[in-house]
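The values are calculated or read from the model by the stated rules, or taken from the named source; none is laboratory data. Keep in mind it's a predicted model, so treat the numbers as computed, not measured. Please note: Cβ atoms are built from the backbone with ideal geometry, for glycine as well, and neighbour counts cover all protein chains shown.
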Amino acid sequence: METVALRSHATKPIFIMNKTRLLAFALLLGTCSAGAFAQKDYASYVDPFIGSGGHGHVFVGANVPFGAVQLGPNNIFKGWDWCSGYHYSDNIITGFAHNHLSGTGCSDLGDIALMPYSGDVRTRRGDQNNLANAASSTFSHSNEKCAPGYYAVKLDNGVNVELTTTERVGFHHYTYTGDGAHRVLIDLDNGVGNSTYESYVKKIDDTTVEGYRFVNGWAPRHKIFFYAKFNKPIKSLQTFSIDTPQGQDELQSRRVKAVATFAEDTNDVLVKVAVSSVSCKNAKANMEAELSGWDFNAAHKAATAQWNKELSSIEVKSGATDKEKRIFYTALYHTAIAPSLYCDVNGDFRGMDDNIYTDNKFKNYTTFSLWDTYRALHPLYTLIDTKRVPDMVNSMLSIYDQNGKLPIWPLYMGETNCMPGYSSVPVIADAYLKGIGGFDAERALKYMVSTATNPRQKGVAHFMKYGYIPADKIGEATSVNLEYAADDWGLALMAKKMGKTDIYNTFIKRGRSFELFWDKDIKLLHPKMSDGSWYEPYNPFLANHRDHVGDFTEGNGWQWTFMIPQCPERLVALHGSDKAFISNLDQLFVVKGDLGEGAPPDITGMIGQYAHGNEPAHHVPYMYAYAGAQYKTAERVRSLQKEFYTDQPDGYCGNEDCGQMSAWHVLSALGFYQVNPSNGVFVFGSPSFGTTTINLSNGKTFTVEAIGNSKDNVYIKSAKLNGKTYTKSYITYNDIMKGGKLTFVMSNKPNKSFGSAKKDRPVSAE
């Protein structure tokens, strides 16, 4: 396999397809000039290749914000680092598929792949070292471009490919330069680490093909229908079962492929592909509603405009280099790929029960990586995307109606049940507590309580019996317990606000259950057995997964000891003093130990035992503020920003996880982070830029100004809110949403008194 150096695409030359496209490229990807254009063309700063190397697993291709379609290249799937279908180290493309995951640690999707080529009929995918008689092609990154809403590549097989999208339609432009018949492979067999159990293709007329792919993968199953329209007549449509010819025009089989052939003088081909979870008929309606014409440049321009509107939610106005803007706006871009739209233009979608849901009054979403995203991504949405929040909550409530419990990690028609916790609960609670509305709170609370007491949920029966989850009952027991405790805290606060005292009392107690694991002798959380004894022998450095006796998920005792985002002040109290807590937290970042042979690859971005590449750690640097040492938070946050966020293909230290890794950067760059996922308290860190303005969803603006900010001036010397002296080390959601200006004076020396007084420290509501 060709070894490809990892480097940024931001300044690479544009390959010429034609003069019209050259101009469009220049406008989109060129360096912004001074003036109004530079202020508005935020998409020009985005490099979608950031995170496509290393273990970032991000999507590379064309899409619009939160769209149902993520249209981009598939490589030959080779395991974990190809979860998105594409890895920067690769140099082979097998086709351009219409949906992809972004940043996940598991693989799926990559459905409805089209691959243009010339010459003899070929359907084989081939392998990495042998593409003889295969439809796949090599390519060079020097002939590849990607920007928000646009992807282009010059394949070594002589076809130039351009892609753009609407929400539900992928738009392809193929320019053939090679000899022989010009063809397009329609691959309904291969996806990204999944398998087809039924597929179908049919030529409707000379320019129209429709069909479907039914899939088993990470999600237990999903069904995707398509309707494809070409701008040039199809001379023939040959069908194949895997790679065996079956005839012409129509085929239903387990693993279907088809080859559309055009006249040899047809060098320029456009194809639109609409998708639906419901039917080919609905896919056609999606196309007619969103992309009735054939103007590729106009579609590309519209997609870019959508991205600029989305990215304009946060304006970096001063104090940032182009590199820093590139990192920031790419991160902001990644926060708007998932959750992804999962309904047709008429609102229809296919549920987890395989039933079709119609007459829906909300936009349905899927691809909720909730164990990751409840921590920062969803709190970010409450600032900049509040109009989408009710739809996301209603999507979760709808999943309960389909599946009998709130989602954990839902993907299309399936619940993956991946990761511990019922992490939709804090998302719903946070939305309610912030007064966002747009959903039935009584129904939501009912579903939250039902899910939290449902014996189908891992470990819930033990939690209700013992008051904690014993390590000898289920695998990863202590992690499961800690996630439930964080979730239950938000549930309790929501119940309290709604006047449901009994529910509040039950779940606030469960929210404190982490205290049962505190081992004062080792000053760490310690898994506990069902008889009340400590689990022994216990090595807080080991991070191997266990089948029978469990302790932690993708982490060890050191890392999970601090997974108390719902009330860090209680963890401080368990230590006996601020000094003892700060000392132990300092140790987390320096102590060395062997994770063991069974350590999962997700534990990345290590500093001591702190692992920034895995989400349970993300709030931890901000915990210093709860012990009156905000200056230590500032130190850590600024160093993490510098070390683990770059503008290279390996620019993320671990799985980007559907926007969570990026949301941490976005919020931290603003200068604050919501530690408790359900209380609207944003703890100060260290702002990255001079002046940044948040265009809030309510139409107001909130500006963060950091006077004297620099790479050395990382500490908050003093602060003002709307011109008045501000001594707290946090700010509330309500104060941000009022609009206004938060001013920091930065220094290269820590002001240890800032935020140190008890009255100035963040506190979790109870």
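Structure values in brief
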read-out: Condition met for V590 (part of a helix (DSSP H, G or I) and of a type in the set (V, I, T)); value: no
read-out: Conditions (1) surrounded by fewer than 21 Cβ atoms within 10 Å (Cβ to Cβ); (2) in contact with a Ser or Thr (Cβ under 8 Å, 6 or more places away or on another chain); (3) closer than 30 Å to W409 by Cα; number of the one not met by R221; value: (2)
read-out: Count - residues of the range 733-745 that are surrounded by 15 or more Cβ atoms within 10 Å (Cβ to Cβ), free of Cβ contacts under 8 Å to residues at least 60 places away in the same chain and at negative phi; value: 4
read-out: Selection from the range 127-160 of residues that are within 30 Å of the chain's Cα centre (by Cα), surrounded by 22 or more Cβ atoms within 10 Å (Cβ to Cβ) and closer than 24 Å to D243 by Cα; value: S136, S137, L155
read-out: Hey, A274 assigned to a helix (DSSP H, G or I) and either of a type in the set (A, V, I, L, M, F, W, C) or within 30 Å of D41 (Cβ to Cβ) (or both) or not; value: no
read-out: Filter result for K387 (in contact with a helix residue (DSSP H, G or I) (Cβ under 9 Å, 6 or more places away or on another chain), surrounded by fewer than 20 Cβ atoms within 10 Å (Cβ to Cβ) and basic (K, R)); value: no
read-out: Residue within the range 249-260 that is of a type in the set (D, E), modelled with pLDDT under 95 and out of contact with any helix residue (DSSP H, G or I) (no Cβ under 6 Å at 6 or more places or on another chain) present; value: no
read-out: Where W294 falls short, out of the listed (1) among the aromatic types (F, W, Y); (2) under 31 Å from the mean Cα position of the chain (by Cα); (3) surrounded by fewer than 16 Cβ atoms within 10 Å (Cβ to Cβ); value: (2)
read-out: Count of the range 699-714 residues which are farther than 10 Å from I736 by Cβ and in a loop (DSSP other than H, G, I, E, B); value: 8
read-out: The range 677-724, residues that are surrounded by fewer than 19 Cβ atoms within 10 Å (Cβ to Cβ), over 25 Å from K323 (Cβ atoms) and polar (S, T, N, Q); value: S697, N698, T701, S718, N722
read-out: Matching option when the condition is touching a residue at least 24 places away in the same chain (Cβ under 8 Å) and under 30 Å from P687 (Cα atoms), among T373, T366, T321; value: T373
read-out: Any chance Q648 is out of contact with any Cys (no Cβ under 8 Å at 6 or more places or on another chain), assigned to a loop (DSSP other than H, G, I, E, B) and either modelled with pLDDT under 95 or buried (at least 19 other Cβ atoms within 10 Å of the Cβ) (or both); value: yes
read-out: Complete set of residues in the range 328-364 that are within 19 Å of the chain's Cα centre (by Cα), in a loop (DSSP other than H, G, I, E, B) and β-branched (V, I, T); value: T335, I337
read-out: Residues within the range 207-228 that are over 17 Å from R350 (Cα atoms), part of a strand (DSSP E or B) and of a type in the set (A, V, I, L, M, F, W, C), tallied; value: 2
read-out: Selection count, the range 301-341, where residues are of a type outside the set (A, V, I, L, M, F, W, C) and crowded, with 24+ Cβ neighbours inside 10 Å; value: 6
read-out: Count - residues of the range 580-608 that are farther than 15 Å from N544 by Cβ and not basic (K, R); value: 17
read-out: Any chance K229 is surrounded by 15 or more Cβ atoms within 10 Å (Cβ to Cβ), of a type outside the set (A, V, I, L, M), at pLDDT 95 or above and in contact with a Phe, Trp or Tyr (Cβ under 8 Å, 6 or more places away or on another chain); value: no
read-out: Residue list for the range 285-333, filter: among the hydroxyl-bearing types (S, T, Y) and touching a Gly at 6+ places or on another chain (Cβ under 7 Å); value: T304, S318
read-out: Residue within the range 455-476 that is among the acidic types (D, E) and modelled with pLDDT under 95 present; value: yes
read-out: Residue ID - surrounded by the most Cβ atoms within 10 Å (Cβ to Cβ), chosen from residues in the range 461-484 that are among the hydrophobic types (A, V, I, L, M, F, W, C) and in a loop (DSSP other than H, G, I, E, B); value: I469
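Table: residues versus (1) modelled with pLDDT of 95 or more; (2) buried (at least 18 other Cβ atoms within 10 Å of the Cβ).
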residue	(1), (2)
L595	no, yes
G598	no, no
Q609	yes, yes
V620	yes, yes
S639	yes, no
